[in-house]
1. Residues with beta-carbon under 13 Å from that of residue 59, excluding residue 59: net charge, scoring Lys, Arg +1 and Asp, Glu -1?
2. Which aspartates and glutamates, if any, have their Cα less than 17 Å from the Cα of residue 15, not counting same-chain residues under 8 positions apart?
3. Report, in debye and to the nearest 20, how large the dipole of the chain comes out about its Cα centre when Lys and Arg carry +1 and Asp and Glu carry -1 on their Cβ.
4. R0 = 35 Å: FRET efficiency of residue 46 with residue 69, Cβ-based, nearest 0.05?
5. Roughly how many Å² is the accessible area per residue of the chain, as a whole number, for a 1.4 Å probe?
6. Return the Cα extents of the chain along principal axes one, two and three, sorted largest first, each rounded to a whole Å.
7. Pulled fully out, how much extra length does the chain show between residue 53 and residue 76, if you take 0.36 nm times their separation in residues and subtract their Cα-Cα distance?
8. May I ask you to give the percent of accessible area on the chain that is carbon plus sulfur, with a probe radius of 1.4 Å?
Amino acid sequence: MEKFTLINKDRSRIKVFEPFEDVSKPSPSVDAIMVSYGCVYKRSSKPVMKGSRVETIESAREEYKKLLAEGWKKTSIFNSYF
(Lines give C-alpha, C1' and ligand atoms only; values in the text may rest on other atoms or scores of the structure.)
Protein backbone atom coordinates (compact mmCIF):
# COMPACT_ATOMS: atom_id res chain seq x y z
CA MET A 1 0.00 0.00 0.00
CA GLU A 2 1.38 3.38 -0.92
CA LYS A 3 0.91 6.95 0.25
CA PHE A 4 -1.48 9.29 -1.60
CA THR A 5 -1.57 13.08 -1.42
CA LEU A 6 -4.60 15.10 -2.50
CA ILE A 7 -4.74 18.87 -3.03
CA ASN A 8 -7.88 21.00 -3.33
CA LYS A 9 -8.85 23.11 -6.35
CA ASP A 10 -7.49 26.32 -4.81
CA ARG A 11 -4.17 24.56 -4.06
CA SER A 12 -4.43 25.79 -0.46
CA ARG A 13 -5.16 22.57 1.44
CA ILE A 14 -3.73 19.06 1.29
CA LYS A 15 -4.59 15.67 2.74
CA VAL A 16 -2.16 12.76 2.92
CA PHE A 17 -3.45 9.18 3.11
CA GLU A 18 -0.82 6.65 4.22
CA PRO A 19 -0.84 3.14 5.68
CA PHE A 20 -0.83 2.92 9.47
CA GLU A 21 0.93 -0.10 10.96
CA ASP A 22 -0.08 -1.20 14.43
CA VAL A 23 3.27 -2.19 15.90
CA SER A 24 1.74 -3.09 19.26
CA LYS A 25 0.61 -6.42 17.83
CA PRO A 26 3.03 -9.37 17.59
CA SER A 27 2.93 -9.29 13.80
CA PRO A 28 2.55 -5.69 12.54
CA SER A 29 -0.11 -5.32 9.87
CA VAL A 30 -1.77 -2.51 7.99
CA ASP A 31 -5.41 -2.38 9.04
CA ALA A 32 -5.90 1.38 9.20
CA ILE A 33 -5.03 4.56 7.30
CA MET A 34 -3.51 7.70 8.80
CA VAL A 35 -5.02 10.85 7.30
CA SER A 36 -2.89 13.98 7.76
CA TYR A 37 -4.18 17.39 6.76
CA GLY A 38 -2.60 20.76 6.32
CA CYS A 39 -2.44 24.12 4.57
CA VAL A 40 -0.29 25.40 1.74
CA TYR A 41 0.57 29.07 2.20
CA LYS A 42 3.10 29.41 -0.62
CA ARG A 43 3.46 27.01 -3.49
CA SER A 44 7.24 27.02 -3.18
CA SER A 45 7.32 26.25 0.54
CA LYS A 46 6.65 23.24 2.71
CA PRO A 47 2.99 22.78 3.67
CA VAL A 48 2.04 23.35 7.31
CA MET A 49 0.50 20.17 8.68
CA LYS A 50 -2.29 20.89 11.15
CA GLY A 51 -3.05 17.39 12.41
CA SER A 52 -3.73 13.76 11.66
CA ARG A 53 -6.09 10.99 12.60
CA VAL A 54 -6.29 7.23 12.14
CA GLU A 55 -9.28 5.86 10.24
CA THR A 56 -10.42 2.45 9.15
CA ILE A 57 -9.56 1.57 5.58
CA GLU A 58 -13.24 1.72 4.58
CA SER A 59 -13.88 5.20 6.00
CA ALA A 60 -10.62 6.51 4.51
CA ARG A 61 -11.68 5.19 1.09
CA GLU A 62 -15.05 6.92 1.43
CA GLU A 63 -13.38 10.23 2.33
CA TYR A 64 -10.91 9.85 -0.56
CA LYS A 65 -13.77 9.26 -3.05
CA LYS A 66 -15.73 12.21 -1.63
CA LEU A 67 -12.74 14.55 -1.99
CA LEU A 68 -12.16 13.45 -5.59
CA ALA A 69 -15.85 14.15 -6.32
CA GLU A 70 -15.40 17.66 -4.85
CA GLY A 71 -12.58 18.38 -7.28
CA TRP A 72 -9.48 17.51 -5.25
CA LYS A 73 -6.61 16.13 -7.35
CA LYS A 74 -3.93 13.55 -6.66
CA THR A 75 -0.46 15.14 -6.51
CA SER A 76 3.10 14.14 -5.79
CA ILE A 77 4.70 17.58 -5.48
CA PHE A 78 4.79 17.43 -1.66
CA ASN A 79 5.97 13.82 -1.28
CA SER A 80 9.55 14.90 -0.66
CA TYR A 81 8.45 16.77 2.49
CA PHE A 82 6.89 13.77 4.24
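The values are calculated or read from the model by the stated rules, or taken from the named source; none is laboratory data. Keep in mind that what you see is a predicted model, and the values were worked out from it rather than measured. Every residue, glycine among them, receives a Cβ derived from its backbone with ideal geometry; neighbour counts consider all protein chains shown. Remember, those area values only see protein heavy atoms, side chains included, never the ligands or the DNA or RNA. Shrake-Rupley method; radii C 1.70, N 1.55, O 1.52, S 1.80 Å.
1. Working: positive: 53, 61, 65, 66; negative: 31, 55, 58, 62, 63.
Net charge in that neighbourhood comes out at -1.
2. Partners found: 2, 55, 58, 62, 63, 70.
3. On the way: 16 positive and 11 negative charges, 132 e Å.
Roughly 640 debye, rounded to the nearest 20.
4. Working: r = 28 Å, r/R0 = 0.80.
For residue 46 and residue 69, the calculated efficiency is 0.80.
5. Per residue, the chain has an accessible area of 67 Å².
6. Extents along the principal axes: 43, 26, 19 Å.
7. On the way: separation 23, 0.36 × 23 = 8.28 nm, distance 2.08 nm.
Difference between extended and current length: 6.2 nm.
8. Working: 2820 of 5530 Å².
That fraction is 51 percent.
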